[in-house]
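The values are calculated or read from the model by the stated rules, or taken from the named source; none is laboratory data. All values derive from a computational prediction rather than experimental measurement. Note: ideal-geometry Cβ built from the backbone for every residue, glycine included; neighbour counts use all protein chains shown. Side chains included, ligands, DNA and RNA excluded: accessible areas come from the protein's heavy atoms. Shrake-Rupley method; radii C 1.70, N 1.55, O 1.52, S 1.80 Å.
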Amino acid sequence: MQLAIKLIFAQVGIDQVIDNGAATSQSIADGWDKQWLDLLQNNTSNNLYGALTNLGIFFAVGTLLFFMIQFLKDLISYEYTRPISALIWPFIVVVLLSNSGNGSILSNLTLGVRNVLNTVNQQVVVSADADKIYQQALNMSVAEEVAGSLLRPCQSLTGEQQSQCFVKAAEKVNVLWQKYRNIYGNKNWINRLQTKVDNIRYGTGIVSETSFNSLLGSTVQTSIKNFLVSLQYAFQNLIEATMLLIAVLGPIAVGGSLLPVAGKPIFAWLTGFLSIGIAKISFNIIAVLTAAVIVNGPGQNANVDPDLMWFIIFLGILAPILSLLVAAAGGFAVFSAISSTASLVKERI
């Protein structure tokens, strides 16, 4: 779930920036999808995944010696029961690492798991964000900074020059309000912000010095918000990059799974992959739920003037940390469940 939001300056067309930002987010998402297919499915004989698959086969051949030693030891000690059940691992390794040039079984399974995680994530976003709540909350948080960036140059002027400056700035800001209304409808928070700008422009209504300065803000506050918004986008792309990194390391984990140890590397690899998926889903759930509090609370009241800096801090710093903690706990539970199931199956066979 990404929506590119940029802090806009007077020289830039507001409607063009919003449209270009959305197009940029979609192109980035498409770029990640293409990268997944290029690495894991297209020409896997000669690309990076193919090289790592060959390395995984090398590891498998090397660890086969240790596997055979343990196999013979079990054959002597436990007759045939445990050795026969252990023979499934060489078969699994050979099947998963078989590379036809258009993707191995392991790469296709990896893409399948990724598609399942993305489908669940998309269902979460669509069901919980039916009214574009996340985008609304984020726009509420930065809209004042956008308006302030246009009105701020007028603050140092006086008299007729200031009035003319406010008129020109308000015309550009009105384009933003109309764009928001086209996307979200006629929301109270849009009317509230427009009223504040109009009061400053026409000198009508009661606008305190604090509210005036709050709307204009400062370049430092604008930079901080811009940084934090970019930080949460960076986290979402980091999640995608980490999932891809773990995916391409799959052949090495499979190749090392012939080692006679209780915790197979393939289990740790699968746990890591699922954990990153949990982090991705957790972040979006946290973001949407928190956004709903803002949109359904102060966003519905035209008389309140909330400071939403905390929301930007939450999205840029706290939500990523919380989602990673949830993913770590979930990953530990998944690893314990997989290990326990593997041990149980081994005892029953």
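Of the conditions (1) open to solvent by 20 Å² or more (accessible area, probe 1.4 Å); (2) of a type in the set (K, R); (3) over 13 Å from the mean Cα position of the chain (by Cα), K280 fails just one. Which one is it?
Failing condition for K280: (3).
So how many residues does segment 329-345 have that are modelled with pLDDT under 70 and either of a type in the set (V, I, T) or loosely packed, with under 13 Cβ neighbours inside 10 Å (or both)?
Result for segment 329-345: 6.
How many residues are open to solvent by 40 Å² or more (accessible area, probe 1.4 Å) and in a helix (DSSP H, G or I) if we restrict to segment 243-264?
Residues in segment 243-264 being open to solvent by 40 Å² or more (accessible area, probe 1.4 Å) and in a helix (DSSP H, G or I): 2 in total.
If you take the residues in segment 38-60 that are free of Cβ contacts under 8 Å to residues at least 40 places away in the same chain and farther than 13 Å from P251 by Cβ, which one is surrounded by the most Cβ atoms within 10 Å (Cβ to Cβ)?
D38
Output the residues belonging to segment 71-117 that are modelled with pLDDT under 75, in a helix (DSSP H, G or I) and not hydrophobic (A, V, I, L, M, F, W, C).
Answer for segment 71-117, where residues must be modelled with pLDDT under 75, in a helix (DSSP H, G or I) and not hydrophobic (A, V, I, L, M, F, W, C): K73, D74, S77, T81, R82, P83, S85.
Inside segment 314-328, can you point out the residues that are crowded, with 18+ Cβ neighbours inside 10 Å and free of Cβ contacts under 8 Å to residues at least 40 places away in the same chain?
Residue satisfying the conditions is F314 alone.
Going through segment 32-70 one residue at a time, which ones are of a type in the set (S, T, Y) and at pLDDT 85 or above?
At the first step, the residues of segment 32-70 found to be of a type in the set (S, T, Y) are 44-45, 49, 53, 63.
Correct list: Y49, T53.
How many residues, within segment 139-183, are farther than 25 Å from F227 by Cβ and either without any contact (Cβ under 8 Å) to a residue 24 or more places away in the chain or open to solvent by 20 Å² or more (accessible area, probe 1.4 Å) (or both)? It would help to see each step written out before you state the result.
If we filter segment 139-183 for residues that are farther than 25 Å from F227 by Cβ, which is where we start, we get 154, 156-168, 170-171, 174-175, 177-178, 181-182.
This time we only want the ones that are either without any contact (Cβ under 8 Å) to a residue 24 or more places away in the chain or open to solvent by 20 Å² or more (accessible area, probe 1.4 Å) (or both), so: 154, 156-165, 167-168, 171, 174-175, 177-178, 181-182.
Of the residues in that region, 20 qualify.
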